[in-house]
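Report on one structure; see the data block that follows.
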Amino acid sequence: MINLINSAPPTLPDIPDGYLNIMGYVDESEVNGPGTRAVVWVQGCLRECSGCFNPESWPFEVNQLIAIDELADKILSNPRNHGVTFSGGEPFWQAPALGELGKKIKAAGLNLMSFTGFTLAQLQSPSAPVGADALLDQLDILIDGPYVESLAIHSPESPVSSRNQRIHIFNEAFKDKITWASDQMEIHILKDGTRIITGFRGQLGLE
């Protein structure tokens, strides 16, 4: 795993203002946070953790560009989405755009959660990625810390994937709603026949 504490920020691709670079998206997930929610997997991560669930998310090259407004409309068009989860990749390398998306989501009454490989202390430090504070301001729940294979948890009672990860509840309404389990699997079949497998130890599989 790369030590990011003293590392320079990554060279991000030329993403137009008002856009996100994502790896994938699903509606109506029940294994990536409380209730039924949309999940946005962003593109780009420096950590290269051993046993990473989504190595396809590591490169920072443009994968799928989508306008923030278009993604917000997509999320809100499904009345079964009661919340949104940001995963990746590393969401906080695109914190400014996700913060803007978060504002639109929260204004519509949905809740917001994010995974991150950073710790909360790192995200609150002067060396945090640009826009980290604005994204944190929008979150109801944050799960922080990188996946550590030697500390992996495979339990139907654990919402985190490795023992070093921590759940931070910023909205007290969710203190009794941490009931999902990372060791579950969910399969989404899209209109074009593509399958997205998510939730089993946090894994996102694309075929």
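The values are calculated or read from the model by the stated rules, or taken from the named source; none is laboratory data. Computed from a prediction, not measured in an experiment: that's the story for all the values here. Cβ coordinates were reconstructed from backbone atoms using ideal geometry, including for glycine residues, and neighbour counts include every protein chain displayed. The area values use the complete protein model at the heavy-atom level, side chains included, leaving out ligands, DNA and RNA. Shrake-Rupley method; radii C 1.70, N 1.55, O 1.52, S 1.80 Å.
The table that follows gives values for the structure above.
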| item | result |
| --- | --- |
| All helices (runs of 4 or more DSSP H) inside the range 62-139 with 2 or more residues being closer than 24 Å to residue 15 by Cα | 68-76, 95-107, 132-138 |
| Test: residue 49 is in a loop (DSSP other than H, G, I, E, B) and surrounded by fewer than 24 Cβ atoms within 10 Å (Cβ to Cβ) | yes |
| Residue within the range 186-205 that is over 25 Å from residue 63 (Cβ atoms), at pLDDT below 90 and not β-branched (Val, Ile, Thr) present | no |
| Some residue of the range 134-152 being touching a Pro at 6+ places or on another chain (Cβ under 6 Å) and at pLDDT 85 or above | no |
| Tabulated pairs, the range 137-166, first touching a residue at least 60 places away in the same chain (Cβ under 8 Å), second in a loop (DSSP other than H, G, I, E, B) and among the charged types (D, E, K, R), C-beta under 6 angstrom, 6+ apart or interchain | 146/47; 161/201 |
| Failed condition for residue 38, given (1) modelled with pLDDT of 95 or more; (2) open to solvent by 60 Å² or more (accessible area, probe 1.4 Å) | (2) |
| Qualifying residue in the range 38-59 (condition: among the basic types (Lys, Arg) and within 16 Å of the chain's Cα centre (by Cα)) | yes |
| Filter pass, residue 57 being modelled with pLDDT under 95, open to solvent by 20 Å² or more (accessible area, probe 1.4 Å) and hydroxyl-bearing (Ser, Thr, Tyr) | no |
